[in-house]
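Scroll down for the structure; my scribbles are underneath it.
The values are calculated or read from the model by the stated rules, or taken from the named source; none is laboratory data. Bear in mind the structure is a predicted one, so any value in this text is a computation, not a measurement. All Cβ positions, even for glycine, are placed from backbone atoms using ideal geometry, and neighbour counts span all protein chains on display.
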Amino acid sequence: MNQVSSYSKQKGAALFVSLMLLLVITLISVSALRTSHLELKMAGNQESSLSSFMSAQALADAIVATPANVPVIGNPGFTICTAKEAGCNRNTISFANGLFASDLSKGSLGAVVTRGEEIPIPRSLSTSVEKFGGVQYTIQASFDRSVDNLGRTQVVEGMLVLIPRN
């Protein structure tokens, strides 16, 4: 009988302790869930950033690899651009086999190639380099699909082209 009376004196203490432990475990679980959700968003942002950079870099590399996209004509400041760019002397940057066609038509990829000043080429004895001049070019390639949460990046590269002197 004495044992029964000691149980009745507790008046739900075990229930209270159990509920507190359950509350602590729930708070820890919610915190871990929020942390993993934040880390997932950060990983997605990093992936979008790298993808947009690689797209812009691929466009710049394709321009360098296609001699027709580098304007050897014109004065310093002469620009040649992709179709949707404004304020250019020509909008004739194009690529073989429809490369970048869908992104260029959507306007998510764009490029501007600007002719710079003629610069002297280092010369050495007994070379034909004196018959050439050097022209510097700036290639700006951009990728913008921020509307779709896929990132926005601009890559700027310099290039030196040898051109024959008159």
Qualifying positions in segment 65-80 - at pLDDT 85 or above and on the phi > 0 side of the Ramachandran plot: 77
The one condition in (1) assigned to a loop (DSSP other than H, G, I, E, B); (2) modelled with pLDDT under 85 that residue 86 fails to fulfil: (2)
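If you take the residues in segment 140-166 that are small (Gly, Ala, Ser) and modelled with pLDDT under 90, which one is surrounded by the most Cβ atoms within 10 Å (Cβ to Cβ)?
Step one: of segment 140-166, the residues small (Gly, Ala, Ser) are 141-142, 146, 151, 158.
From what's left, modelled with pLDDT under 90: 146, 151.
Working: 146: 13, 151: 20.
Selected residue: 151.
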Residue, farthest from the chain's Cα centre (by Cα), within segment 100-120, restricted to residues that are loosely packed, with under 15 Cβ neighbours inside 10 Å and either among the β-branched types (Val, Ile, Thr) or assigned to a loop (DSSP other than H, G, I, E, B) (or both): 120
Options 75, 69: the member that is surrounded by fewer than 10 Cβ atoms within 10 Å (Cβ to Cβ), in contact (Cβ under 8 Å) with a residue 40 or more places away in the chain and within 21 Å of residue 138 (Cα to Cα): 75
Every pair of residues 6+ apart whose Cβ atoms lie under 8 Å, when the first sits in segment 93-104 and is among the charged types (D, E, K, R) while the second is modelled with pLDDT of 85 or more: 103/55; 103/109; 103/143
Tally, over segment 133-166, of residues that are under 14 Å from the mean Cα position of the chain (by Cα) and under 30 Å from residue 120 (Cβ atoms): 5
Test: residue in segment 9-27 that is free of Cβ contacts under 8 Å to residues at least 60 places away in the same chain, charged (D, E, K, R), in a helix (DSSP H, G or I) and surrounded by fewer than 10 Cβ atoms within 10 Å (Cβ to Cβ): yes
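Can you find a residue that is part of a helix (DSSP H, G or I), farther than 21 Å from residue 160 by Cα and aromatic (Phe, Trp, Tyr) anywhere in segment 52-62?
Yes: segment 52-62 contains one or more residues that are part of a helix (DSSP H, G or I), farther than 21 Å from residue 160 by Cα and aromatic (Phe, Trp, Tyr).
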